[in-house]
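Q: Encoded as structure tokens, here's the structure I'll be asking about.
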Amino acid sequence: MTEEVNSVELKKTGVENNGFVADQGIEENAKPESRRNSQAEEHIYVVKLDSYEDPLTLKPYAGMPKEVLLQFSNKPCYKITREILFWLIIIATLAIIAATITIIALSPKCLDWWQRSPIYQVYPKSFRDSDKDGSGDLKGIQEKIDHFVYLDVSTVWIAPFYKSTLKDYRYAVDDFRMVDPSFGTMKDFDNLLAALHDKGIKLIIDLIPNHTSNKHNWFQLSRNRTDKYTDYYIWRNCTDTEGRVTHPNNWVSVYGDSSWEYDNVRRQCYLHQFRREQPDLNFHNPDVHNEILDIIKFWLEKGVDGFTVDAAKFLLEAEHLRDEPQVNKLQDPATIINYDELFHDYTTTQVGMHDILRDFRQTMNTYSREPGRYRFMGAESNDQNTVEKTMLYYGNSFTQEADFPLNFYLLDLNTDLSGDAIFDIVDLWMKAMPKGKWPHWMVGSPSNSRIASRVGADYVKVINTLLLTLPGTPTTYYGEELGMEDNLAVNVTADESGEFNPAEYPEKSPMQWDAEANAGFSEGNRTWLPISQDYKEINVDVQKSKPDSPLNLYRDLLQLRKKELPLHRGWLCYTFKDKDVFSYVREVDGMNKVFMMVLNFGANSEINFSNKIQDLPAQAKIRFSTISTRKGETVNMNSVRTARGEGIILEYRTNKPLHTREAFKDQCFISEKACYSSAFNLLYKNC
């Protein structure tokens with residue numbers, strides 16, 4: 001029987017056992033009945049299947065053998081599908097790679113850790129006492145790390161804690177590789193650093209390369225002319241006749257009187273641009289230069305995240321030792337004793353000074369190769385009106401130097417505060433700063449009266465609003481977030497040791513943590529400086545419970561700054577200034593959301609911004625106000641009111657940002673430019 005290709009033939013196979021059948025009485029050729037019936041049934045089955053009109057179609061099935069699978073895989077329908085899927089995967093992979101390369105190429109530089117967060121400066125002797133001796137220490141700082149977390153600051157700068165003579169408050173260093181016993185031990189420092197890093201907080205410390213104390217081992221060896229240390233300091237011949245010293249020249253120290261001091265051991269004079277207990281190192285000597293580089297390496301290897309270089313402009317002096325020119329040519333040279341009576345052409349910002357700083361920077365860069373571990377460098381140089389000299393510390397497009405020089409100009413603010421005065425200081429820095437560089441702002445420091453005492457407590461909140469909404473990195477001196485004031489009680493406190501004068505720095509009064517004894521600063525019987533009398537009202541615990549306290553408004557500002565892109569990397573454009581108000585906007589290319597700061601540094605004010613800026617939206621929303629009840633309020637832009645000492649942040653939307661307008665081209669500034677794509681919700685740099 002013939003089988004068709006796509007038919008299935010069902011047959012009985014094998015031997016059929018029908019049991020034993022006796023063959024007697026059966027013909028030899030006769031077949032048993034059962035066999036005949038079986039064959040008949042078999043024949044019937046074949047006929048039925050062969051005659052079926054729609055034979056069964058064989059389809060792929062699970063577990064099919066390789067030979068069957070190959071027959072199906074070679075069919076055009078499967079082969080074409082495979083080809084299409086293969087090329088689609090190739091194209092998709094190439095598209096992903098191309099998109100990744102494009103995004104990387106077009107992405108702007110990410111802000112580094114020293115750009116993203118404010119810097120919180122701690123004076124360790126006054127922050128927290130852990131051992132009940134009345135003086136702050138490193139363990140005390142570690143106990144209060146949660147305060148940094150509460151504020152949402154991620155960079156802490158600790159003032160000098162090196163083993164030091166107390167003269168000039170730890171800036172006269174006896175040993176750069178030791179912690180002063182009054183602050184604890186090196187193990188305490190290591191524990192503090194580890195605890196800060198565990199919380200994601202970076203640590204900056206001071207580098208003091210210009211001088212040591214006169215108790216430093218280097219100085220003791222130098223005054224005895226021991227080996228290479230002979231010229232570690234600047235020594236010159238001078239005469240001492242019956243107590244009257246004839247100095248090498250007319251140079252005057254920062255603190256007044258001659259910058260030369262006669263040494264009875266070496267019988268020469270040494271140079272000190274600060275106190276006589278702080279002899280200047282000789283950076284013309286390569287060995288001194290290398291010593292400081294080794295000190296930098298020592299602390300970086302411990303894990304420190306950066307340095308501020310103190311007194312940078314004093315690092316080099318002219319070797320010719322000529323007299324410095326007098327400010328008043330008619331003044332008798334013998335009467336010159338004050339620092340500001342001379343031009344300091346030969347003792348500051350000498351040729352080669354920036355080369356020294358660049359070497360510091362290069363050394364730090366060798367420790368910045370690990371991802372996320374960039375080492376920061378700031379430079380201290382207050383050049384007053386010659387701001388151009390300060391800008392040199394940024395370096396240039398070819399040579400890196402400081403990430404930014406410290407900006408001391410806001411420290412000049414005092415009771416003659418006004419919108420115009422604030423504008424002048426901000427504009428001075430922004431116009432002098434090299435293109436693309438990152439600005440810095442600070443309103444307090446260990447050597448300056450607190451901002452609340454200088455301008456008045458009513459303006460603390462608006463000053464902090466300014467500090468945290470300008471482009472760049474702000475620095476907050478401990479207690480400024482509370483509005484702490486100078487403690488004038490230190491003026492009547494005598495220092496029994498005679499090594500320092502507490503009346504000199506009333507802004508160093510202990511941090512006010514709570515309303516308990518000693519403001520929570522110390523559990524000892526007395527503190528190294530008196531606690532301010534207002535500590536029961538102005539302290540961390542009390543202000544945490546008040547929504548409109550300086551502390552909580554400071555924290556709210558930080559959270560808003562962190563959340564809103566224009567506030568931490570956008571354009572700055574001036575919008576208004578007068579004797580009462582300074583106003584500016586922050587905006588980003590491609591983003592229609594704009595923030596306008598209206599800061600009142602004078603009396604009550606009302607401004608019609610609609611008349612001053614074309615195409616301004618009719619209304620704006622108050623996202624932040626130093627008067628907390630105004631938050632969320634809608635204001636008309638033709639009548640924006642601010643009270644005395646109030647700061648508000650307005651939010652509005654526009655497709656015509658100020659930085660794109662010709663009328664504002666000289667009033668807008670940008671550091672790290674970034675453009676926003678609303679379609680992809682990402683930043684890019686070419687716009």
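The values are calculated or read from the model by the stated rules, or taken from the named source; none is laboratory data. As the structure is a prediction and not an experimental result, all values here were calculated from the model. Methodologically, a virtual Cβ is constructed for each residue, glycine included, from the backbone with ideal geometry; neighbour enumeration extends over all protein chains shown. For the accessible areas, the whole protein counts, side chains as well, though only heavy atoms, and no ligand, DNA or RNA atoms are used. Shrake-Rupley method; radii C 1.70, N 1.55, O 1.52, S 1.80 Å.
Q: Which of the residues belonging to the range 641-668 are aromatic (Phe, Trp, Tyr) and in contact with a Lys or Arg (Cβ under 8 Å, 6 or more places away or on another chain)? Please lay out each step first, then the result.
A: Looking only at the range 641-668, we keep the residues that are aromatic (Phe, Trp, Tyr), and these are 652, 664.
Within the range 641-668, just TYR652 meets the criteria.
Q: Hey, can you tell me all the residues within the range 654-687 that are surrounded by 16 or more Cβ atoms within 10 Å (Cβ to Cβ), under 26 Å from VAL426 (Cα atoms) and hydrophobic (A, V, I, L, M, F, W, C)?
A: Within the range 654-687, LEU658, PHE664, CYS668, PHE669, ILE670, ALA674, CYS675 qualify.
Q: List the pairs whose first member sits in the range 258-270 and is among the small types (Gly, Ala, Ser), whose second member is assigned to a strand (DSSP E or B), and whose Cβ atoms are under 9 Å apart, counting only residues at least 6 apart or on separate chains?
A: So the pair list comes out as SER258/VAL245; SER258/VAL252; SER258/CYS269; SER259/VAL252; SER259/LEU271; SER259/ASP280.
Q: So which strands (runs of 3 or more DSSP E) are wholly in the range 220-331 and hold at least 3 residues that are in contact with an Asp or Glu (Cβ under 9 Å, 6 or more places away or on another chain)? Show your work before the answer.
A: Numbers: elements: 239-241, 244-246, 260-263, 268-271, 306-309.
Passing ranges, in order: 268-271, 306-309.
Q: For residues that are more than 25 Å from GLN115 (Cα to Cα) and touching a residue at least 60 places away in the same chain (Cβ under 8 Å), tally how many sit in the range 661-675.
A: Matching residues across the range 661-675 total 1.
Listed here are the residues, each with its yes/no results for (1) in contact with a strand residue (DSSP E or B) (Cβ under 8 Å, 6 or more places away or on another chain); (2) part of a strand (DSSP E or B); (3) among the hydroxyl-bearing types (Ser, Thr, Tyr).
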position: THR629; (1), (2), (3): no, no, yes
position: ARG641; (1), (2), (3): yes, yes, no
position: ASN655; (1), (2), (3): no, no, no
position: LYS673; (1), (2), (3): yes, no, no
position: TYR676; (1), (2), (3): yes, yes, yes
position: ASN686; (1), (2), (3): yes, no, no
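Q: OK, next. I'd like the full set of residues that are in a helix (DSSP H, G or I) and touching a strand residue (DSSP E or B) at 6+ places or on another chain (Cβ under 9 Å), limited to the range 362-393.
A: GLN362, MET364, ASN365, THR390, MET391, LEU392, TYR393
Q: When the range 369-399 is examined, which residues are found to be among the basic types (Lys, Arg) and either open to solvent by less than 60 Å² (accessible area, probe 1.4 Å) or touching a His at 6+ places or on another chain (Cβ under 6 Å) (or both)? Working first, answer last.
A: Taking the range 369-399 first, the residues among the basic types (Lys, Arg) are 369, 373, 375, 389.
Answer for the range 369-399, where residues must be among the basic types (Lys, Arg) and either open to solvent by less than 60 Å² (accessible area, probe 1.4 Å) or touching a His at 6+ places or on another chain (Cβ under 6 Å) (or both): ARG373, ARG375.
Q: Taking the criterion of being of a type in the set (Asp, Glu), at pLDDT 95 or above and under 33 Å from the mean Cα position of the chain (by Cα), would at least one residue in the range 358-376 satisfy it? Spell out the reasoning first.
A: If we filter the range 358-376 for residues that are of a type in the set (Asp, Glu), which is where we start, we get 359, 370.
Restricting the remaining residues to those that are at pLDDT 95 or above gives 359.
Then keep just the ones that are under 33 Å from the mean Cα position of the chain (by Cα); that gives 359.
The answer is yes; a qualifying residue exists.
Q: Something else about it: If I go through the range 157-187 residue by residue, how many of them are out of contact with any Lys or Arg (no Cβ under 9 Å at 6 or more places or on another chain), open to solvent by 10 Å² or more (accessible area, probe 1.4 Å) and farther than 18 Å from THR212 by Cβ?
A: Of the residues in the range 157-187, 3 are out of contact with any Lys or Arg (no Cβ under 9 Å at 6 or more places or on another chain), open to solvent by 10 Å² or more (accessible area, probe 1.4 Å) and farther than 18 Å from THR212 by Cβ.
Q: Could you tell me whether ILE84 is among the aliphatic types (A, V, I, L, M), modelled with pLDDT of 95 or more and either surrounded by 15 or more Cβ atoms within 10 Å (Cβ to Cβ) or more than 20 Å from HIS197 (Cβ to Cβ) (or both)? I'd like the intermediate steps shown before the answer.
A: Numbers: among the aliphatic types (A, V, I, L, M): yes; modelled with pLDDT of 95 or more: no; either surrounded by 15 or more Cβ atoms within 10 Å (Cβ to Cβ) or more than 20 Å from HIS197 (Cβ to Cβ) (or both): yes.
No: the conditions fail for ILE84.
Q: Identify the single condition in (1) under 30 Å from ARG373 (Cα atoms); (2) open to solvent by less than 100 Å² (accessible area, probe 1.4 Å); (3) at pLDDT below 85; (4) part of a helix (DSSP H, G or I) that THR100 does not satisfy, given that it satisfies every other one.
A: Here THR100 meets the rest and fails (3).
Q: Mind telling me which of the residues LYS125, LYS132 ends up being farther than 23 Å from GLN559 by Cα and crowded, with 20+ Cβ neighbours inside 10 Å? Even if it seems obvious, please write down each step before you answer.
A: Details: LYS132 fails: crowded, with 20+ Cβ neighbours inside 10 Å.
Answer to the selection: LYS125.
Q: Something else now. Among the residues in the range 423-430, are any within 17 Å of ASP486 (Cβ to Cβ), in contact with a helix residue (DSSP H, G or I) (Cβ under 6 Å, 6 or more places away or on another chain), at pLDDT 95 or above and part of a helix (DSSP H, G or I)? Don't jump to the end; show me each part of the working.
A: Pass one, the range 423-430, residues within 17 Å of ASP486 (Cβ to Cβ): none.
So far as the range 423-430 goes, no, none of its residues is within 17 Å of ASP486 (Cβ to Cβ), in contact with a helix residue (DSSP H, G or I) (Cβ under 6 Å, 6 or more places away or on another chain), at pLDDT 95 or above and part of a helix (DSSP H, G or I).
Q: Only one of (1) of a type in the set (Gly, Ala, Ser); (2) free of Cβ contacts under 8 Å to residues at least 12 places away in the same chain; (3) open to solvent by less than 10 Å² (accessible area, probe 1.4 Å) fails for GLY306. Which number is that?
A: Here GLY306 meets the rest and fails (2).
Rundown of residues vs (1) open to solvent by 70 Å² or more (accessible area, probe 1.4 Å); (2) over 14 Å from TRP251 (Cβ atoms); (3) touching a Ser or Thr at 6+ places or on another chain (Cβ under 9 Å), yes/no style:
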| position | (1), (2), (3) |
| --- | --- |
| LEU281 | no, yes, yes |
| ILE295 | no, yes, no |
| LEU300 | no, yes, yes |
| ALA312 | no, yes, yes |
| GLU319 | yes, no, no |
| PRO325 | no, no, no |
| ASN328 | yes, yes, no |
| ILE336 | no, no, no |
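Q: If a residue must be in contact with a Lys or Arg (Cβ under 7 Å, 6 or more places away or on another chain), among the aliphatic types (A, V, I, L, M) and in a strand (DSSP E or B), how many such residues does the range 556-593 contain?
A: Number satisfying all stated conditions: 1.
Q: Moving to a separate point now. Restricting the range 402-422 to residues that are open to solvent by 30 Å² or more (accessible area, probe 1.4 Å) and part of a loop (DSSP other than H, G, I, E, B), which is modelled with the highest pLDDT?
A: So the residue we want is ASN414.
Q: For the condition at pLDDT 95 or above and buried (at least 18 other Cβ atoms within 10 Å of the Cβ), what is the one hit in ARG236, ARG223, ARG266? So that I can check it myself, show each step before the final result.
A: On the way: ARG236 fails: buried (at least 18 other Cβ atoms within 10 Å of the Cβ); ARG266 fails: buried (at least 18 other Cβ atoms within 10 Å of the Cβ).
Of the residues listed, the single one that is at pLDDT 95 or above and buried (at least 18 other Cβ atoms within 10 Å of the Cβ) is ARG223.
Q: In the range 377-407, how many residues are within 21 Å of ASN448 (Cα to Cα) and more than 18 Å from the chain's Cα centre (by Cα)? Give the steps one after another, and end with the answer.
A: Of the residues in the range 377-407, the ones within 21 Å of ASN448 (Cα to Cα) are 378-387, 390, 404-407.
If we keep only those that are more than 18 Å from the chain's Cα centre (by Cα) as well, we get 381-387, 390.
Looking only at that region, the number is 8.
Q: Filter the range 594-623 down to residues that are part of a strand (DSSP E or B) and open to solvent by 10 Å² or more (accessible area, probe 1.4 Å) and give me whichever is nearest to LEU466 (Cα to Cα).
A: Let us first name the residues in the range 594-623 that are part of a strand (DSSP E or B), namely 594-600, 605-607, 619-623.
So of that shortlist, the ones also open to solvent by 10 Å² or more (accessible area, probe 1.4 Å) come out as 605-606, 619, 621, 623.
Working: SER605: 17, GLU606: 19, GLN619: 23, LYS621: 19, ARG623: 15 Å.
Result: ARG623.
Q: Any residue in the range 212-224 that is within 40 Å of the chain's Cα centre (by Cα) and within 20 Å of HIS320 (Cα to Cα)?
A: no
Q: Given the residues ASP340, ASP359, ASP345, which is the only one that is in a helix (DSSP H, G or I), surrounded by 12 or more Cβ atoms within 10 Å (Cβ to Cβ) and among the acidic types (Asp, Glu)? Reasoning before the result, please.
A: Details: ASP340 fails: surrounded by 12 or more Cβ atoms within 10 Å (Cβ to Cβ); ASP345 fails: in a helix (DSSP H, G or I).
The unique qualifying residue is ASP359.
Q: Could you please find all residues in the range 551-561 being touching an Asp or Glu at 6+ places or on another chain (Cβ under 7 Å) and either within 18 Å of ASP112 (Cα to Cα) or open to solvent by 30 Å² or more (accessible area, probe 1.4 Å) (or both)? Write out each step before concluding.
A: Pass one, the range 551-561, residues touching an Asp or Glu at 6+ places or on another chain (Cβ under 7 Å): 551, 554-555, 558-559.
ARG555, LEU558, GLN559, listed by residue number.
Q: Any residue in the range 109-130 that is among the charged types (D, E, K, R) sitting within a Cβ distance under 8 Å of a residue that is open to solvent by 10 Å² or more (accessible area, probe 1.4 Å) and not in a loop (DSSP other than H, G, I, E, B)? List the pairs, counting only those 6 or more apart or interchain.
A: Between residues of the range 109-130 that are among the charged types (D, E, K, R) and residues that are open to solvent by 10 Å² or more (accessible area, probe 1.4 Å) and not in a loop (DSSP other than H, G, I, E, B), the close pairs are ARG116/LYS562; ARG116/HIS568; LYS125/SER182; ARG128/GLU143.
Q: Out of the residues in the range 521-541 that are more than 16 Å from LEU488 (Cα to Cα) and buried (at least 19 other Cβ atoms within 10 Å of the Cβ), state the one that is nearest to the chain's Cα centre (by Cα). Spell out the reasoning first.
A: Quick first cut of the range 521-541, residues more than 16 Å from LEU488 (Cα to Cα) only: 521-526, 536-537, 539-541.
Next, only the ones that are buried (at least 19 other Cβ atoms within 10 Å of the Cβ) stay: 521-522, 539-540.
On the way: PHE521: 27, SER522: 30, ASN539: 26, VAL540: 24 Å.
Filtering first and then ranking leaves VAL540.
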